[in-house]
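K.L.:
The following block contains the structure, expressed as structure tokens.
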Ligand SMILES: Cc1cc2nc3c(=O)[nH]c(=O)nc-3n(C[C@H](O)[C@H](O)[C@H](O)COP(=O)(O)OP(=O)(O)OC[C@H]3O[C@@H](n4cnc5c(N)ncnc54)[C@H](O)[C@@H]3O)c2cc1C
């Protein structure tokens, strides 16, 4: 029985992150004798200090989660890291706001000043506090940008570049922790530990975002070899490069690709490999959905490509069972096609498409089916057509693949297909840990 890759490492890392949270509040706990927090004002100030420590820790954690450190990406998975980062965002904003409000209210009450006077005093008389207030303001703005509806309304690139201002939050909020933080202003092990955490996060960021991609691209020097139309709105981009036989990427993984042409160099977009590595070329299969993917149709052979990755845990190495069922919809066939090559014989594939013309990579899928003993069902029709609805139900899936509950299931396609198939699979008795999703969403 294959061992699911990364789950032990993931548990260890999660434990480390929780211990980090405990360690961040521990200095306050150790420095505060029992019974010393008396009265409402002292309790408010104590809560302000605790939320400050928690906010400082969570902020660094947020940056760490997005550092693209290969160790984190491999053991936790890019999609899961992005989800944690998204889910944690609201907590960080609440912690920062609570810290600001509690400290303001606490000191105003202690020094018998109005809140406005106290805020004015903090801003003008205390070193680094103006920066801290600016950091809190940016955090709130970022929190608003994180709301799903706001994010969906903005062009992705605009949202992304606005989001980069979170680095300014780190910078602007840095000073006040050490000049005024009750637990941090004194030299000693606590201050040294907090600084060390900053250095570690910064090192991970530089490694994951600069050094690792630089090494990869200097080593492989990728270029576009050809662009081939697969259908009126889908293209395959073939890439060549050096030492591709040593490229450590698995079927089902993706890279963030930057095509170095005048119109494209400033954007990097994630696309999965649509063929397993073969030592000679790489391939991505891209559906044209917007401005950038439309530009990719005109890429010239020879165009240089900057890639960051590989990333993702949608791979054969992460399976828990011997056999697998793959379910693809639309351009979701890209990673599934690559994955199919690396799974043991006996896998099954259900490919959902609206019309026969929407089926991509048909010939090579049929060839793979024969070469690797894979059953393939092309399920054609609209979402509400009775045929596909019946097949994609719990009963239909069990009829097609009777041992589905004992297989890993890899699912990639539009959100509607993923949602409906996941509930059908759960209905068919497939445990959640055996369902692997590639949602094309980070
Ligand atoms: C892990 C992953 C793997 C993917 N693999 C494939 C694939 O193999 N084939 C394929 O056709 N598509 C794939 N996609 C989807 C692809 O990245 C988007 O369709 C593409 O970036 C759209 O860019 P656009 O400017 O043409 O369209 P837009 O209209 O600008 O974007 C359409 C949607 O794509 C998403 N998107 C846009 N830009 C980015 C970005 N830079 N990073 C992340 N998401 C973005 C946003 O949700 C946006 O709403 C994948 C996405 C992810 C997250």
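K.L.:
Going residue by residue through the stretch 304-316, is there one that turns out to be in the same structural domain as residue 231 (by TED's automatic domain parsing) and over 25 Å from the mean Cα position of the chain (by Cα)?
P.N.:
Yes, the stretch 304-316 contains at least one residue that is in the same structural domain as residue 231 (by TED's automatic domain parsing) and over 25 Å from the mean Cα position of the chain (by Cα).
The rows are residues; the columns are (1) within 26 Å of the chain's Cα centre (by Cα); (2) within 30 Å of residue 148 (Cβ to Cβ); (3) assigned by TED's automatic domain parsing to the domain that holds residue 142.
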site	(1), (2), (3)
166	yes, yes, yes
184	no, no, yes
200	yes, no, yes
207	yes, no, yes
231	no, no, no
243	no, no, no
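K.L.:
Report, by residue number, each residue of the stretch 383-407 that is under 31 Å from the mean Cα position of the chain (by Cα), closer than 16 Å to residue 330 by Cβ and assigned to a helix (DSSP H, G or I).
P.N.:
none
K.L.:
Give the stretch 100-111 a look and list any residue that's modelled with pLDDT of 90 or more and not in a helix (DSSP H, G or I), or say none.
P.N.:
none
K.L.:
Would you point out the residue of the stretch 426-442, among those that are part of a strand (DSSP E or B) and within 16 Å of the ligand (Cβ to nearest atom), that is nearest to the chain's Cα centre (by Cα)?
P.N.:
In the first step, residues of the stretch 426-442 are kept if they are part of a strand (DSSP E or B); the result is 435-438.
Narrowing further to those that are within 16 Å of the ligand (Cβ to nearest atom): 436-438.
Working: 436: 15, 437: 13, 438: 11 Å.
Going through the qualifying residues, I end up with 438.
For every residue, the table says whether it meets (1) in the same structural domain as residue 394 (by TED's automatic domain parsing); (2) within 30 Å of residue 396 (Cα to Cα); (3) at pLDDT 95 or above; (4) crowded, with 17+ Cβ neighbours inside 10 Å.
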site	(1), (2), (3), (4)
247	no, no, no, yes
277	no, no, no, yes
283	no, no, yes, yes
301	no, no, yes, no
337	yes, yes, yes, yes
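K.L.:
At least 1 residues that are away from the ligand (no atom under 15 Å from the Cβ) in each: list the helices (runs of 4 or more DSSP H) lying fully within the stretch 269-382 that qualify. Reasoning before the result, please.
P.N.:
Numbers: elements: 291-295, 333-342, 362-372.
Per the criteria, 333-342, 362-372.
K.L.:
Looking only at helices (runs of 4 or more DSSP H) that lie completely in the stretch 121-166, which have at least 2 residues being free of Cβ contacts under 8 Å to residues at least 12 places away in the same chain, touching a helix residue (DSSP H, G or I) at 6+ places or on another chain (Cβ under 9 Å) and away from the ligand (no atom under 14 Å from the Cβ)? Step through it out loud before you land on a result.
P.N.:
On the way: elements: 129-146, 148-153, 156-163.
Result: 129-146.
K.L.:
Looking for something part of a loop (DSSP other than H, G, I, E, B) and either away from the ligand (no atom under 16 Å from the Cβ) or over 29 Å from the mean Cα position of the chain (by Cα) (or both) - is there at least one such residue anywhere in the stretch 409-425? Spell out the reasoning first.
P.N.:
Within the stretch 409-425, the subset part of a loop (DSSP other than H, G, I, E, B) is 413-414.
The next check asks that each one be either away from the ligand (no atom under 16 Å from the Cβ) or over 29 Å from the mean Cα position of the chain (by Cα) (or both); those that pass are none.
The answer is no, given that none of the residues of the stretch 409-425 is part of a loop (DSSP other than H, G, I, E, B) and either away from the ligand (no atom under 16 Å from the Cβ) or over 29 Å from the mean Cα position of the chain (by Cα) (or both).
K.L.:
Being over 12 Å from the mean Cα position of the chain (by Cα), at pLDDT 90 or above and under 25 Å from residue 440 (Cα atoms): is that true of residue 17 here? Quick ask: steps written out before the conclusion?
P.N.:
On the way: over 12 Å from the mean Cα position of the chain (by Cα): yes; at pLDDT 90 or above: yes; under 25 Å from residue 440 (Cα atoms): no.
It is false that residue 17 is over 12 Å from the mean Cα position of the chain (by Cα), at pLDDT 90 or above and under 25 Å from residue 440 (Cα atoms).
K.L.:
Looking only at the stretch 342-362, decide whether some residue is closer than 30 Å to residue 69 by Cα and touching a helix residue (DSSP H, G or I) at 6+ places or on another chain (Cβ under 7 Å).
P.N.:
Checked against the condition, which is being closer than 30 Å to residue 69 by Cα and touching a helix residue (DSSP H, G or I) at 6+ places or on another chain (Cβ under 7 Å), the stretch 342-362 yields at least one hit.
K.L.:
Any residue at all in the stretch 84-94 that's outside any helix (DSSP H, G or I) and crowded, with 16+ Cβ neighbours inside 10 Å? Walk me through how you get there before you give the answer.
P.N.:
Let us first name the residues in the stretch 84-94 that are outside any helix (DSSP H, G or I), namely none.
Within the stretch 84-94, not a single residue is outside any helix (DSSP H, G or I) and crowded, with 16+ Cβ neighbours inside 10 Å.
K.L.:
Right, next: Could you please give the count of residues in the stretch 259-268 that are within 14 Å of the ligand (Cβ to nearest atom) and modelled with pLDDT under 95?
P.N.:
Looking only at the stretch 259-268, we keep the residues that are within 14 Å of the ligand (Cβ to nearest atom), and these are 259, 263-268.
Filter once more, so that each one left must be modelled with pLDDT under 95: 263-268.
Total satisfying the criteria: 6.
K.L.:
Hey, any hits in the stretch 383-405 for a residue that's within 16 Å of the ligand (Cβ to nearest atom), in the same structural domain as residue 332 (by TED's automatic domain parsing) and at pLDDT 90 or above? Don't jump to the end; show me each part of the working.
P.N.:
As a first pass, look at the stretch 383-405 and keep what is within 16 Å of the ligand (Cβ to nearest atom): none.
There is no residue in the stretch 383-405 that is within 16 Å of the ligand (Cβ to nearest atom), in the same structural domain as residue 332 (by TED's automatic domain parsing) and at pLDDT 90 or above.
K.L.:
Next question. Given the conditions (1) in contact with a helix residue (DSSP H, G or I) (Cβ under 9 Å, 6 or more places away or on another chain); (2) in contact (Cβ under 8 Å) with a residue 60 or more places away in the chain; (3) in a helix (DSSP H, G or I), and given that residue 227 satisfies all but one, which numbered condition is not satisfied?
P.N.:
Of the numbered conditions (1) in contact with a helix residue (DSSP H, G or I) (Cβ under 9 Å, 6 or more places away or on another chain); (2) in contact (Cβ under 8 Å) with a residue 60 or more places away in the chain; (3) in a helix (DSSP H, G or I), the odd one out for residue 227 is (3).
K.L.:
Please give the number of the condition residue 183 fails out of (1) modelled with pLDDT under 95; (2) over 14 Å from residue 56 (Cα atoms).
P.N.:
(2)
K.L.:
Check 249, 294 and return the single one that is within 27 Å of residue 365 (Cα to Cα) and either in contact (Cβ under 8 Å) with a residue 12 or more places away in the chain or in contact with a strand residue (DSSP E or B) (Cβ under 6 Å, 6 or more places away or on another chain) (or both).
P.N.:
On the way: 294 fails: either in contact (Cβ under 8 Å) with a residue 12 or more places away in the chain or in contact with a strand residue (DSSP E or B) (Cβ under 6 Å, 6 or more places away or on another chain) (or both).
After applying the criteria, what remains is 249.
K.L.:
How about the stretch 230-253: which of its residues are in a loop (DSSP other than H, G, I, E, B) and either near the ligand (Cβ under 10 Å from one of its atoms) or closer than 22 Å to residue 441 by Cβ (or both)? Let's see the steps before the verdict.
P.N.:
The initial filter retains those residues of the stretch 230-253 that are in a loop (DSSP other than H, G, I, E, B), namely 232-233, 241-243, 247-253.
Within the stretch 230-253, 233, 249, 250, 251, 252, 253 meet the criteria.
K.L.:
Please pick out the residue among 256, 215 that is more than 10 Å from the ligand (Cβ to nearest atom) and either without any contact (Cβ under 8 Å) to a residue 12 or more places away in the chain or not assigned by TED's automatic domain parsing to the domain that holds residue 59 (or both). Break it down stepwise before answering.
P.N.:
Working: 256 fails: more than 10 Å from the ligand (Cβ to nearest atom).
Every option except 215 fails the conditions.
K.L.:
Looking only at the stretch 418-442, which residues are within 24 Å of residue 286 (Cα to Cα), surrounded by 20 or more Cβ atoms within 10 Å (Cβ to Cβ) and touching a strand residue (DSSP E or B) at 6+ places or on another chain (Cβ under 7 Å)?
P.N.:
418, 421, 436, 438
The values are calculated or read from the model by the stated rules, or taken from the named source; none is laboratory data. None of these values were measured; they are calculated from a predicted model. Glycine also receives a Cβ, built like all others from the backbone with ideal geometry; neighbour counts cover every protein chain displayed.
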